[in-house]
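Peer 1: Have a look at the structure that comes next, please.
The values are calculated or read from the model by the stated rules, or taken from the named source; none is laboratory data. Since this is a predicted model, take the numbers as computed values, not measurements. Because the Cβ atoms are built from the backbone with ideal geometry, glycine has one as well, and the counts that use them run over all protein chains shown.
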Amino acid sequence: MSKYNAPALDKGLDILEYLSHKAIPQSQVEIAKGIERNPNEFYRMLVSLEERGYIAKDPSSGKFSLTLKLFQLSHSHSPIDGLLNAAKPIMEKLSHATNQSCHLSIIKDHKLMVISQTKSPGPVSLSIEEGSLFPLIKTASGKLILSFLSAKKRDQILKKDSHFLDFSKEEKQKFLAQLSTIKTDGFILQQSDLNLGVTDLSVPIGNPKTGLFGALAISSLINVSKEQDSSDFMIEEILKASSSINQAIGLQKI
């Protein structure tokens, strides 16, 4: 238990969390049973939450249910929405310039989540479903994001990553050395660890110090490596795109 207790706040949060898990309105007695409190103990809290618009009382049954206020609040000032709005037209321009699909990813619950993608303008295109989750250490974008995090934050994530924990001591050292190289280069270009015949090129977006941080990536069906001249064009274009996105969201380059 925290040494800073706020009983009234706890009651309110208990009520909101309980109602969020119920598909139908609940009576005061049902809420009391659900949060293991005496009904009279939180009556004033129910009244306050109703007056503030967080819950609504059915006039006929007298039962309570959540309103849409929490949903509205959660979507009022989402930094991710701002990032998506700024990135989408730049990503579309990048796809047309490189004739390849690209996607934008962030860390979500210690995994890599794709939050936006644009398809190649060509007849054949890779498609990665928005909302998809992937292991961080098995993806180019995941490795890139890990490489730019603070050592403390990175260690916290890796200590909970089952794939990393399965590595031998030598494999862990090799992986950490790879992250160091990625940060020095400022990008990662590699054959996909998850899909045969796919090359991934990823660069950072945002800044880890701000909390708004992710990776912009091109996934290509053509074999591209650092030794090929074609890679220079791809790297130049994706770096220009990342710089444009950072400018659009008002963040400085890392």
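Peer 1: So Pro59 ticks every box in (1) without any contact (Cβ under 8 Å) to a residue 40 or more places away in the chain; (2) assigned by TED's automatic domain parsing to the domain that holds Ala217; (3) of a type outside the set (Lys, Arg) but one. Which box is left unticked?
Peer 2: (2)
Peer 1: Can you tell which of Leu19, Leu13 is free of Cβ contacts under 8 Å to residues at least 12 places away in the same chain and either hydrophobic (A, V, I, L, M, F, W, C) or touching a helix residue (DSSP H, G or I) at 6+ places or on another chain (Cβ under 7 Å) (or both)?
Peer 2: Leu13
Peer 1: Residue check, Val198 against (1) surrounded by 14 or more Cβ atoms within 10 Å (Cβ to Cβ); (2) modelled with pLDDT of 90 or more; (3) not basic (Lys, Arg), all met but one. Which one?
Peer 2: (2)
Peer 1: Another question, if that's okay. Among the residues of region 1-27, write down those that are in a helix (DSSP H, G or I) and of a type in the set (A, V, I, L, M, F, W, C).
Peer 2: Answer for region 1-27, where residues must be in a helix (DSSP H, G or I) and of a type in the set (A, V, I, L, M, F, W, C): Ala8, Leu9, Leu13, Ile15, Leu16, Leu19.
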